[in-house]
Amino acid sequence: MEPITNECAYSSASATEYNQHGLLSWLTDKRYAARSAHALAHWTHQLSASAHLAELLYKAWTDGHHNVASIETIATQLSTTSSLNAMAIKPTILLVPGACTGPEVFDPVVSVFCAAGYEALAVAQASANPTDPDAYTA
Amino acid sequence: MGTDGPSLSKRARESRGEKGGVLGIVYTSSALPTAGTSQLEYLGGSWPPFISETPSPGALLSFDRIIPHLFNDAPPAVQQALAQQHIPTSANVFRTGVLPPLWADERLESRRVWLLALQDATFPPEAARMFLGGSGVEWEVVEGGRALWCRDAAWVGC
């Protein structure tokens with residue numbers, strides 16, 4: 001599996017959906033079929049599930065979305081991990097860059113937070129590299 | 001970050017019956033202008049030598065002259081990558097007064113941390129300590145470098 005990247009901000013949103021609908025429905029809901037297996041693996045890993053489970057889930061997903069039984073088995077194992085409950089109460093980390101800086105500089109920190117199970121994202125300032133610099137004030 | 005509306009702190013939002021809110025703030029900026037003060041006023045009315053500005057209208061501000069040194073505590077390869085990500089910012093933003101800053105919110109008392117940049121090529125640590133003293137609020141100060149978020153992301157995360 002590739003290292004966790006900034007994509008986990010996206011994946012964390014999926015974790016919220018899990019809390020609302022349950023992991024199994026999240027996995028099997030056709031609305032999410034278009035989501036990449038890569039992002040799904042990130043999300044799974046982010047929840048501090050074992051790397052082995054994450055790889056199994058990744059494989060099940062890439063083998064074909066119809067493989068529901070396989071996914072169901074893994075989902076059952078995942079749902080018993082305490083990290084899922086811990087995830088629900090952790091705060092979101094929002095990183096706001098200062099002058100002359102884009103959100104990319106925070107990628108390493110975002111990765112650290114996400115690996116620790118936090119939802120983290122960096123945002124861009126509208127006044128940074130603007131098309132109309134005079135349109136913005138402090 | 002600032003707002004001229006209701007407080008964004010979690011405590012204030014809860015008192016209004018709203019969900020969510022800001023729990024705390026880790027500040028890595030160099031200046032602490034108070035509400036209504038512009039960055040330019042805060043710096044005494046003229047730009048320090050490391051800031052350059054293009055002509056108005058449409059003025060853009062950048063740190064062109066010292067870009068490589070902005071990240072002088074990062075490994076050379078990282079310095080180069082970060083320097084390439086340097087982008088200009090609207091100069092107008094620095095000439096207008098800031099909104100009431102989030103860091104000054106009294107509901108964040110004991111929940112503010114300042115990452116003091118010991119190797120800052122823009123403002124030396126002594127200047128940063130002066131800024132902190134003039135902020136009028138209490139900070140927990142943690143010493144580090146200017147590019148800590150990339151040099152030691154795990155440490156910042158902790």
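Values in this text are rule-based calculations from the coordinates and carry no lab data. All values reported here derive from a predicted model rather than from experimental measurement. Don't worry about glycine lacking a Cβ; one is built from the backbone with ideal geometry, like all the others, and counts go over all protein chains shown.
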Helix-only estimate, please: 222 nm mean residue ellipticity of chain B, summing -39500 (n - 2.57) across DSSP H runs of length 4 or more and dividing by its residues, to the nearest 500. -6500 deg cm²/dmol
Model label zone, B:V137; criterion: amide N under 15 Å from point 7 Å along Cα-to-beta-carbon; scope the stretch B:1-33: B:1-13, B:22-33
Kindly state, to the nearest 0.05, the FRET efficiency for B:H69 paired with A:V123, given R0 = 25 Å and r defined as their beta-carbon distance. 0.45
Note: B:A59 to B:W47 extended length (0.36 nm per residue) minus current alpha-carbon separation gives 2.9 nm
Where is the GNM fluctuation largest for chain B (alpha-carbon springs, 10 angstrom cutoff): B:W139, B:W47, B:W114? B:W47
Per the Kirkwood treatment, what hydrodynamic radius in Å, one decimal, follows for chain B from the mean inverse distance over all distinct Cα pairs? 17.2
Work out the charge dipole of chain B with +1 on the Cβ of Lys and Arg and -1 on the Cβ of Asp and Glu about the Cα centre, then indicate which of B:L43, B:S7, B:P57 is farthest towards its positive end. B:S7
Only Lys, Arg (+1) and Asp, Glu (-1) charged, at Cβ; chain B dipole about Cα centre in debye: 360
